[in-house]
Every structure is written in structure tokens, then in C-alpha cells.
Amino acid sequence: MEEHFDPDTVSELQAAVPMVPIVQVHQADAPGVPFPEGTDLLQVLWCPYAHGEYCYPLPQVHWRDSGAIKDILPTPEPVEALPKDWYPDPCVVHPEQVTEYPSRDLSRDTHDALHARFEELKATTGLYYSYHLAEAPGIKLGGYPGWTQEPCWPDCEACGDRMEHLLTVASEEFDGESWRTWLPVEDRTDSGWTEAADNPAGLCLGDVGGVYIFECRTCLDRPIGHWFDCS
């Protein structure tokens, strides 16, 4: 059962609840991701209260100089009455560069032009372009969002440009189809995979959804946008 609060109560509670650390990535582990000058550490946090029409945690993005960080605060404990699975379990990120291609973001003309090749791929290998060769699933930096619903790219409120995908925080690292090409060999078992490989962070966002975080790299202050979808 969901618990609802009036707006004044929510404001008071949010002020007392610390932001939840979600992802921390060093520049050395993220080749190809343009870090702002003078920074070498990306930290993403979110507010564990439900926001927006579809009720998801509200993200924040911080670019930092790791050499300037002093005291490290303890990880906050989950707050009663808030979703426990919006607090990730402690885990380590092992970044791996991959090449991916758009699926839902393909134009209709491009999709139609490639349709015969997609069908040939399925007939000869059993692989589906959208599941196995297009966007990488799971938590990832850069690339294309692995949309569950229709694409929803935000525009920058300051300059009007379409924002670029920065980070996806997903509930699962793969699904019953995509694991065939995206599950690392070392995480495979005789029966397929383990729960730890599928969801190492222990997150569940809505109906196995994901929070997509975008940024405008045209504006100097790198404003962010965000979206949430699920099945």
C-alpha cells in the first residue's frame, strides 16, 4: 500500500531526508564521456520521495574534483515509509565499453530500409536487432536510452537544444532475451544467470523501470533533465 502525504508534510520530510547515493564514476573509468573542465568524478544522487506524474526518485548530478573531497559521509539508511528498493545495495561498478545502436530512436524510414536485414539476422542467427545488437540494457553511461516506452528526449529549458543521454539507472541489467548477448560470460551459469548478476544493486523502480538522466552540453552549467518509464 502506498502512503501519501500532504504537500506541507512532504516538504518538511524531504528537508530531513538525505539524498541517496546512486552512482559514482571516475573519469579514468569513463573514456569518451566529456567531463567538465576541472572535474574527474561524477556522482549521481536522488531524492527517495516519489516525484512527477509517474512517481519516481528525483535525480541530481554532481561533477567534482576528487582531490578536493575531504570527509566521506556514511551511506544513509533507508527511511521508513519510503521504497526500500530505491536505495541501492552496496556494489562496485566495473565499466566496460561497448558499441551500441539505436532501436526505438531509429527513424521510420531507416527502420523500413533495414527491415529486410533485421529479418535475415533473425532467420540466420536467432537474434533480434532490438534485444541483442541495439541499445545495451542495464545501468550505463552515455549511448542510447534503452526505452521501455516511446522515446521522450527532453529539451534544455535555457537554450532549447535537445539534451544528450548521460546515464540510465535501470532495475535490471538484462531481461529474458537480451541476456543472450549482453550478459558477461563470467556471470553465466548452466541454467542462465544468477539474481546477483541480473540486479546487483537490488533496485526496483516502478514495474521494473528505469530513470533516464540527460544533460545539455551546450550550456556552461550543464543543466540536466530526466525521465522515467517502465513496462
Practice problem: Answer with a single label: of (1) 54, 43, 28; (2) 58, 43, 38; (3) 60, 38, 35, which was calculated as Cα extents along the principal axes in Å from the structure in view? | Solution: (2)
Quiz prompt | With Cα atoms, 0 to 90° folded angle of helix 108-125 axis to the chain main axis | solution = 70
Self-check item: Rounded tilt (10° steps) of 7-16 against the dominant C-alpha axis of the chain
Solution: 90
Quiz item: So what are the ³J(HN,Hα) numbers for the range 38-53, from phi and the Karplus equation (6.51, -1.76, 1.60; θ = phi - 60°), rounded to whole Hz, Gly and Pro as x?
Solution: x, 10, 9, 9, 9, 10, 10, 10, 8, 7, x, 7, 6, 10, x, 4
Quiz item: Most fluctuating residue of Lys140, Lys70, Lys122 in a GNM of the chain with Cα springs under 10 Å: which is it?
Solution: Lys70
Quiz item: Within the chain, what is the longest stretch that has no GluC sites (Glu not before Pro) placed in a DSSP loop and near at most 15 other beta-carbon atoms within 10 Å?
Solution: 97-156
Quiz item: P(r) tail for the range 38-157, what percent of Cα pairs lie past 17 Å?
Solution: 73
Exercise. Taking every pair of Cα atoms in the range 78-136, average 1/r, invert it to obtain the Kirkwood radius, and report Rg/Rh to two decimals.
Key: 1.24
Quiz prompt | Top of Gln43, Gln60, Gln97 by mean-square fluctuation, Gaussian network on the chain, Cα under 10 Å | solution = Gln97
Quiz item: In nm, what is the difference between 0.36 nm times the number of residues separating Gln149 and Arg217 and their Cα-Cα distance?
Solution: 22.0 nm
Quiz prompt | Cut-off 9 Å between beta-carbons: net charge of the residues surrounding Arg217, Lys and Arg +1, Asp and Glu -1 | solution = -2
Quiz item: What part of the accessible area of the chain, given as a whole %, is carbon or sulfur when the probe is 1.4 angstrom?
Solution: 51
Quiz prompt | the range 41-106 shape via C-alpha gyration tensor axes, a/c threshold 1.5 | solution = oblate
Quiz prompt | Residue-normalised accessible area of the chain, expressed per residue, 1.4 Å probe, Å² | solution = 61
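The values are calculated or read from the model by the stated rules, or taken from the named source; none is laboratory data. In this text the structure is predicted, and so the values were computed from the model without any measurement. Cβ atoms come from the backbone with ideal geometry, glycine included; neighbour counts cover every protein chain shown. The protein model used for the area step is the full one, side chains on, heavy atoms only, and it has no ligands, DNA or RNA in it. Shrake-Rupley method; radii C 1.70, N 1.55, O 1.52, S 1.80 Å.
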